[in-house]
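A.B. asks: Got a structure here, written out as structure tokens. Questions coming.
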Amino acid sequence: MKILALIGSPRGMQGNTGRLLEEVLAGVHAEGGEVEVVSLAQAGMQPCVACDACHRTGICPLPDDYESIKEQLLGCDAFILASPNYIFSVTAQMKAFFDRCNGLIHCMALDGKYTALVETSGSGGDDEVLAYMAHVAGTLGALTVGSVGSPQAGVRTFPNEDELYGRARELGRALCAAVREKREFPEQDAFRQAFRARMQGVVGYMQEYWPFEREYWRNKG
Ligand SMILES: Cc1cc2nc3c(=O)[nH]c(=O)nc-3n(C[C@H](O)[C@H](O)[C@H](O)COP(=O)(O)O)c2cc1C
């Protein structure tokens with residue numbers, strides 16, 4: 001089982017988010033999952049330039065690692081998104097990645113994949129950031145298995161660490177179980193169906209300009 005973890009901290013795995021992600025990955029490893037971690041900062045994720053090439057051709061022409069990360073995402077069984085809270089949202093690196101996923105979102109191309117979400121903050125607001133990440137994951141077509149977030153209590157340390165790390169490891173195990181058992185999350189169906197109709201509508205009225213996405217939905221049905 002292939003699990004791809006994308007971390008949006010400029011500190012990569014060396015920071016607080018990396019520390020919490022380590023515990024989630026311990027849970028994945030306990031279930032026999034094969035993990036690959038990608039630091040979006042190290043990948044030099046550039047901001048979208050709105051060239052629309054993804055909609056027209058399915059390929060982003062910007063010269064960084066986005067296309068290879070996209071292939072890894074399409075090839076994995078499940079993925080993890082991990083970001084610190086930066087001013088009530090994700091980091092610029094993670095947001096740049098989300099923007100670059102615009103073509104994937106229009107196609108809900110990660111339909112059938114599972115995700116788990118990880119966040120840390122200086123002093124709170126964790127649920128707000130996790131809800132945003134879950135929303136984006138849903139627009140990608142993925143099913144959110146769960147999330148874990150916490151304020152820090154120092155460098156790479158958190159309040160109630162034993163309890164937090166226990167939940168983080170459990171989340172990693174639950175992610176693998178969801179893949180293995182093809183778990184369903186009916187409470188996420190209404191959003192996914194509505195978003196699917198919305199994307200098919202957008203691609204429908206732009207079909208002359210966005211042939212890749214037009215063909216994608218024609219083939220997917
Ligand atoms: C630019 C910047 C913005 C931040 N904004 C917030 C914020 O709005 N709320 C908060 O609680 N913490 C905020 N923080 C603190 C980080 O979320 C926190 O230290 C986090 O654990 C850092 O994770 P990392 O070590 O993985 O990078 C901010 C930190 C930076 C550098």
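The values are calculated or read from the model by the stated rules, or taken from the named source; none is laboratory data. Worth saying up front: this structure is predicted, and the values here are computed from it rather than measured. Cβ coordinates were reconstructed from backbone atoms using ideal geometry, including for glycine residues, and neighbour counts include every protein chain displayed. Surface areas here come from the heavy atoms of the whole protein model, side chains and all, with no ligands, DNA or RNA. Shrake-Rupley method; radii C 1.70, N 1.55, O 1.52, S 1.80 Å.
A.B. asks: Can you tell me which of Ala43, Ala30, Ala5, Ala53 is more than 9 Å from the ligand (Cβ to nearest atom), in contact with a helix residue (DSSP H, G or I) (Cβ under 7 Å, 6 or more places away or on another chain) and within 30 Å of Met206 (Cβ to Cβ)?
C.D. replies: Exactly one residue qualifies, and that residue is Ala43.
A.B. asks: So, one more: Given (1) in contact with a Phe, Trp or Tyr (Cβ under 6 Å, 6 or more places away or on another chain); (2) in a helix (DSSP H, G or I), where does Arg192 come up short, assuming only one miss?
C.D. replies: (1)
A.B. asks: Of the conditions (1) part of a helix (DSSP H, G or I); (2) open to solvent by 40 Å² or more (accessible area, probe 1.4 Å), Cys54 clears all except one; give me its number.
C.D. replies: Condition not satisfied by Cys54: (2).
A.B. asks: It is to be established whether one or more residues within region 134-150 are in contact with a Pro (Cβ under 8 Å, 6 or more places away or on another chain), open to solvent by 40 Å² or more (accessible area, probe 1.4 Å) and closer than 20 Å to Ile7 by Cβ.
C.D. replies: No, every residue in region 134-150 fails to be in contact with a Pro (Cβ under 8 Å, 6 or more places away or on another chain), open to solvent by 40 Å² or more (accessible area, probe 1.4 Å) and closer than 20 Å to Ile7 by Cβ.
A.B. asks: Hey, another quick one. Inside region 96-139, can you point out the residues that are within 13 Å of the ligand (Cβ to nearest atom) and touching a residue at least 24 places away in the same chain (Cβ under 8 Å)?
C.D. replies: Passing the criteria: Val118, Glu119, Thr120, Ser121, Gly122, Ser123, Gly124, Gly125, Asp126, Glu128, Val129, Tyr132.
A.B. asks: If I filter region 8-27 down to residues being of a type in the set (S, T, N, Q) and part of a helix (DSSP H, G or I), which single residue comes out as farthest from the ligand (Cβ to nearest atom)?
C.D. replies: Gln14
A.B. asks: Would you point out the residue of region 59-91, among those that are among the aliphatic types (A, V, I, L, M), in a helix (DSSP H, G or I) and in contact with a strand residue (DSSP E or B) (Cβ under 7 Å, 6 or more places away or on another chain), that is farthest from Val148 (Cα to Cα)?
C.D. replies: Applying the filter and picking the extreme gives Ile69.
A.B. asks: Now, a different point. Condition first: among the acidic types (Asp, Glu), under 15 Å from the mean Cα position of the chain (by Cα) and within 20 Å of Phe212 (Cβ to Cβ). Can you find one or more residues in region 48-55 that meet it?
C.D. replies: No, region 48-55 contains no residue that is among the acidic types (Asp, Glu), under 15 Å from the mean Cα position of the chain (by Cα) and within 20 Å of Phe212 (Cβ to Cβ).
A.B. asks: Could you grab the pairs with beta carbons closer than 7 Å, sequence gap of 6+ or different chains, first residue in region 169-184 and under 15 Å from Cys76 (Cβ atoms), second one of a type in the set (Phe, Trp, Tyr) and outside any helix (DSSP H, G or I)?
C.D. replies: Listed by first residue and then by second, the contacts come to Leu175/Tyr114; Ala178/Tyr114; Val179/Tyr114.
A.B. asks: Here is a further query. Please enumerate the residues belonging to region 198-221 that are loosely packed, with under 12 Cβ neighbours inside 10 Å and not charged (D, E, K, R).
C.D. replies: If the condition is that a residue be loosely packed, with under 12 Cβ neighbours inside 10 Å and not charged (D, E, K, R), then Gly201, Tyr205, Asn219, Gly221 are the ones that fit.
A.B. asks: Sticking with this structure for a sec: For region 1-48, which positions are over 24 Å from Tyr165 (Cα atoms), open to solvent by 60 Å² or more (accessible area, probe 1.4 Å) and in contact with a Pro (Cβ under 9 Å, 6 or more places away or on another chain)?
C.D. replies: Gln46
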